[in-house]
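I have placed the structure first, in the form of C-alpha cells, so that the comments after it can refer back to it.
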Amino acid sequence: MRTLTRAGTLLSLTLGLGALPSPAPAEGDSPPPAPVVEERARQWLHDMSEYLRASKSYSFHADIQYDDVLPSGQKIAFAAETDIALRRPNGIHARQVSDTGSKRLWFDGKQLTLLDPQKNTVGVEALSGNTDKALEYMVNELHFSLPLADFLYEDPARALGHNTRYGFVVGPSSVGGIPCQHLAFVDSHVDWQIWIEDGRLPLPRKLVITYKTLPSSPQFSATLSDWDFGSRLPDSLFQARLPADAMRIPFLKEAQARPPTPEAKPKEKQ
C-alpha cells in the first residue's frame with residue numbers, strides 16, 4: 001500500500017493516483033510495534049493473495065472514485081474506469097478513462113510506455129525484467145504507480161500490508177450482489193478496507209483507502225469486476241500502439257526534479 005501524493009512525475013503524464021513509498025523512520029525513532037492482525041483477517045488476505053499469485057495471467061475492470069482536495073480544504077469527488085491486464089512474467093497493460101483525463105500504459109519486458117491520448121504525449125523508458133520489477137521501478141524511479149497495482153504483484157498480501165499495524169474482520173458484506181468478507185486494516189499513513197469474495201474464488205471485489213495523514217483525509221475507492229483468468233492475452237496487448245504524431249517527453253526522474261545546487265562563484269581577480 002503506497003502513500004498518496006499529488007506530485008506528477010512524467011510532466012502531466014500520471015496514470016491515476018500518484019504514489020510514493022512511505023517515508024523511512026527518522027534516525028533514533030523507536031521501531032514500530034509488531035502488527036496486531038486478527039488471524040481470520042490474515043487468512044482471508046493470504047488466500048486472496050495465493051489465488052492471484054498462482055494465476056499466470058488475468059484481467060479485471062475497476063470503477064473508481066477518488067477525492068481531490070482544494071486549497072480551501074474542500075474535497076471534490078472524481079470518477080474513473082480502469083481496465084488492467086497482467087501476464088507473467090513480463091506483461092502489463094492498463095487503460096484508464098477519468099473525469100480528469102485518460103491514460104494508457106504498456107510494459108512488455110523490454111520497455112515501459114505511458115500515453116496521454118488527449119495531450120498526444122508519450123513517455124518511453126527502456127526497462128527489462130519481470131512485472132514486479134516494472135512496478136517497483138515505476139514507484140522508486142519514476143515516482144508514479146498504477147491504480148490497484150498491489151493486485152499485480154507476485155505477493156499481493158505483502159504489497160497491500162507491508163506497513164499494516166492492525167487488522168480485523170468486519171464481517172459478511174455484499175458487493176454488487178456477491179457475498180464477501182469485509183476486512184479493515186490500519187497502517188502508519190492510511191486506513192484501508194478490502195472486500196474479498198466469500199466462496200470458491202477469493203477475489204478482491206472492493207478496496208477503500210483513506211489517506212489519514214493528508215489534509216481533509218481524501219479517499220480512494222475501487223469496485224473490481226469482470227475478473228477473467230481464462231482468456232488468452234496476446235503479445236500485441238502489451239506492445240504500445242502509439243499515434244504517429246505523438247510527442248515524446250521524458251520521465252522526470254528524481255535527480256532531474258531537484259533544483260541544481262548553486263555553484264560557488266569564482267573570486268574576482270584582484
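The values are calculated or read from the model by the stated rules, or taken from the named source; none is laboratory data. In this text, all values refer to a predicted model and were calculated from it rather than measured experimentally. All Cβ positions, even for glycine, are placed from backbone atoms using ideal geometry, and neighbour counts span all protein chains on display. Remember, those area values only see protein heavy atoms, side chains included, never the ligands or the DNA or RNA. Shrake-Rupley method; radii C 1.70, N 1.55, O 1.52, S 1.80 Å.
Tabulated values for the structure
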{"read-out": "Residue-span extension gain [Asp191 to Ser102] - 0.36 nm each, minus C-alpha spacing", "value": "29.3 nm"}
{"read-out": "Where labels lie 7 Å past Cα in the beta-carbon direction, separation of Phe78 and Tyr166 in nm", "value": "3.2 nm"}
{"read-out": "Where the stretch 42-188 is the region considered: accessible area per residue in Å², 1.4 Å probe", "value": "41 Å²"}
{"read-out": "Label-point separation in nm, Arg53 to Ser236, each point 7 Å along Cα→Cβ", "value": "3.5 nm"}
{"read-out": "5 angstrom amide H check on Leu127, placed H, neighbours 5+ away", "value": "Gln111, Leu112"}
{"read-out": "Aspartates and glutamates whose Cα lies under 15 Å from that of Lys119, excluding same-chain neighbours fewer than 8 positions away", "value": "Asp99, Asp245"}
{"read-out": "Convex hull volume per residue in cubic angstrom - Cα atoms of the stretch 53-102", "value": "101 Å³"}
{"read-out": "Long pairs among Lys110/Lys212; Lys56/Lys110; Lys75/Lys103; Lys56/Lys133, criterion Cα-Cα beyond 26 Å", "value": "Lys110/Lys212"}
{"read-out": "Cut-off 15 Å, label 7 Å out along Cα→Cβ of Asn120, residues of the stretch 215-244 by amide N", "value": "242-244"}
{"read-out": "Residues of the stretch 152-186 with amide N under 17 Å of a point placed 7 Å along Cα→Cβ from Asp63", "value": "174-180"}
